[in-house]
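Step one of this worksheet: look at the structure below.
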Amino acid sequence: MESSSQTHLTEKLLLLQELGYSDRYIPEESPAIFRYRSVDDSDTDSDLRLLDVIATCLTTGKPGDVVAAAFDKREQISLVLAKSGNIDAADYAATRAFLSALREAESWINLLPFLATHSKQNVDKRVRNLHESITDLCDELKLASMSYQFPAIINQFPHSSLYRKAKYPKEPPTPQRFLFDLIDNCVRRSTGFGMEDNAPSRSQYIELFGAADSLRRAAFLTYLTSKYYEGGDSMFKGRVERLKRRLDKVCQYARIETLMRLVKRLPSVPFRWTEDHLVGTGEGSSEIRKDPMKVVEEVLGHSPSPQQTRMLSRHCPELGRNWEQRRSMILRIHPEICIILHLSRPLLSRFLSSQNNSKRLPIGCSKRSCLCCMLWIATFNKITGMSWVASSSNGKPYDNWALPGAAGEMKLIHDWNDFDKMVIRGVHRRLYNKLNTMAWENSASSDSEET
């Protein structure tokens, strides 16, 4: 792989980052995102949920630490893990401790000591993010509920009966009062939270989980993000969607009941971290050009006009400073891609000869997959006929994304070079469209002001 291809891709990804770009169509339309369509998808859905939880529990939350997980079912089931960065003895020790805790656990609460030891930073970050969203929206949610026609509480808050009975032993609340209490409890229990291996911390997290789990299922939140709610603009709906995601993330650690049963049924389930020595990739240190406007000129195909330069300056006032700070960076192949590179070669010959070549291959991840991973996986699936899928994507560009390059070569696949090419083209097209859209919007705004 030519180093210039990686450098140019990194520069364009950094520009898209600075422009605040995310492809909102990727989560809805990418063939690399799993969507439950029929009972035939039940196994994939179940595996994907398990793998997402495994990856999340094994993530420390340190900057740049992302974990992916998959099952290798060729013979006996085994767990395959990958992470962004180097694998060391601590990763193996943490995995053994996690599986041991699962074998001995009677409920998800028994996993909290492990999370306090290994995943504290990640848990704390998720609770902080929830606190930010719930305090930001608290008053607006309550105001919006004033004009909302609440259905019966069992329909408004499904699967919340045990929580309600515990909290209201004498008199059941009205749906609106229950909503207000859930919001207030989420605010209160997330305030100043820090995951520790002691009883007060565990109690606070359990209380937060109870409120967050009931709130995330509320039909009211779904209504606020639907086309039927006319009281909020797209930004409001986006903030509510973010709140729902953050509620889900805080509650994700409790979704291990099926995983506990699996580990107890297979107490010696083997696992391995992918430590393949990948050659010919874009990984490693990278240095980009000094002037971001040179990249703009290259993408547009001509020198940016004074108007375009002013537009970029207004939209990205810190572009020069941020660009200089990111001129040197370490690029990594993202863990989802590491999983695919590790497992696809031994699977490919079987897959191509199988009559059932539509079988989905789920990859769990501790973080929503990025734009480049989705483009690469979708192309890989199309060319190979395989069907690797993740649970979600944020459609965002990350400048530390390394091209797999020659590591993606498959003997049975002639067009393996296209895996990378489609990412490069996709990122270029999106940046070109973004720059031209911004210029058009700026021109329209100026015309409006003159009028």
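The values are calculated or read from the model by the stated rules, or taken from the named source; none is laboratory data. Note that this is a predicted model, so its numbers are computed, not measured. No Cβ is skipped: glycine too gets one built from the backbone with ideal geometry, and neighbour counts run over all protein chains shown. Quick note on the areas: whole protein, heavy atoms, side chains included, nothing else; ligands and nucleic acids left out. Shrake-Rupley method; radii C 1.70, N 1.55, O 1.52, S 1.80 Å.
Worth pointing out:
- Members of segment 23-57 found to be touching a residue at least 24 places away in the same chain (Cβ under 8 Å) and farther than 21 Å from A378 by Cα, listed by number: S46, L50, V53, I54, A55, T56, C57
- Any hit, segment 243-257, residues being more than 29 Å from the chain's Cα centre (by Cα) and either under 30 Å from L58 (Cβ atoms) or part of a loop (DSSP other than H, G, I, E, B) (or both): no
- Residue match in segment 29-51 (condition: among the aromatic types (F, W, Y) and either in contact with a strand residue (DSSP E or B) (Cβ under 6 Å, 6 or more places away or on another chain) or not assigned by the TED database to the domain that holds W376 (or both)): yes
- Those residues of segment 143-195 which are assigned to a loop (DSSP other than H, G, I, E, B) and within 28 Å of the chain's Cα centre (by Cα), in sequence order: F157, P158, H159, S160, T191, G192, F193, G194, M195
- Some residue of segment 104-117 being open to solvent by less than 40 Å² (accessible area, probe 1.4 Å), touching a helix residue (DSSP H, G or I) at 6+ places or on another chain (Cβ under 7 Å) and among the hydroxyl-bearing types (S, T, Y): no
- Annotation note: Cβ proximity below 7 Å between a residue of segment 249-267 that is within 22 Å of R216 (Cβ to Cβ) and a residue that is surrounded by 12 or more Cβ atoms within 10 Å (Cβ to Cβ) and small (G, A, S) (sequence gap 6+ or interchain) occurs for V250/A212; C251/A212; T258/S46; M260/A105.
- Qualifying residue in segment 274-289 (condition: surrounded by fewer than 21 Cβ atoms within 10 Å (Cβ to Cβ), in contact (Cβ under 8 Å) with a residue 12 or more places away in the chain, touching a Gly at 6+ places or on another chain (Cβ under 8 Å) and not β-branched (V, I, T)): yes
- Filter result for the condition that a residue is without any contact (Cβ under 8 Å) to a residue 40 or more places away in the chain, among the aliphatic types (A, V, I, L, M) and either surrounded by 13 or more Cβ atoms within 10 Å (Cβ to Cβ) or in contact with an Asp or Glu (Cβ under 6 Å, 6 or more places away or on another chain) (or both), over M235, M293: M293
- Hits in segment 367-400 - residues which are open to solvent by 20 Å² or more (accessible area, probe 1.4 Å) and more than 16 Å from E29 (Cα to Cα): K367, I383, G385, Y398, N400
- In segment 90-103, the residues that are open to solvent by 10 Å² or more (accessible area, probe 1.4 Å) and modelled with pLDDT under 95 reach residues that are assigned to a helix (DSSP H, G or I) and of a type outside the set (S, T, N, Q) with C-beta atoms within less than 7 angstrom, at least six apart or across chains, in these pairs: L99/V263; A101/L111; A101/F114; R103/V263; R103/K264.
- Residue list for segment 193-235, filter: among the basic types (K, R) and over 16 Å from P151 (Cβ atoms): R202, R216, K227
- Within segment 133-165, considering residues that are under 18 Å from E207 (Cα atoms) and free of Cβ contacts under 8 Å to residues at least 12 places away in the same chain, the one surrounded by the most Cβ atoms within 10 Å (Cβ to Cβ): S161
- In segment 196-220, the qualifying residues are those that are open to solvent by less than 60 Å² (accessible area, probe 1.4 Å) and small (G, A, S), and the one that is nearest to the chain's Cα centre (by Cα) is A212.
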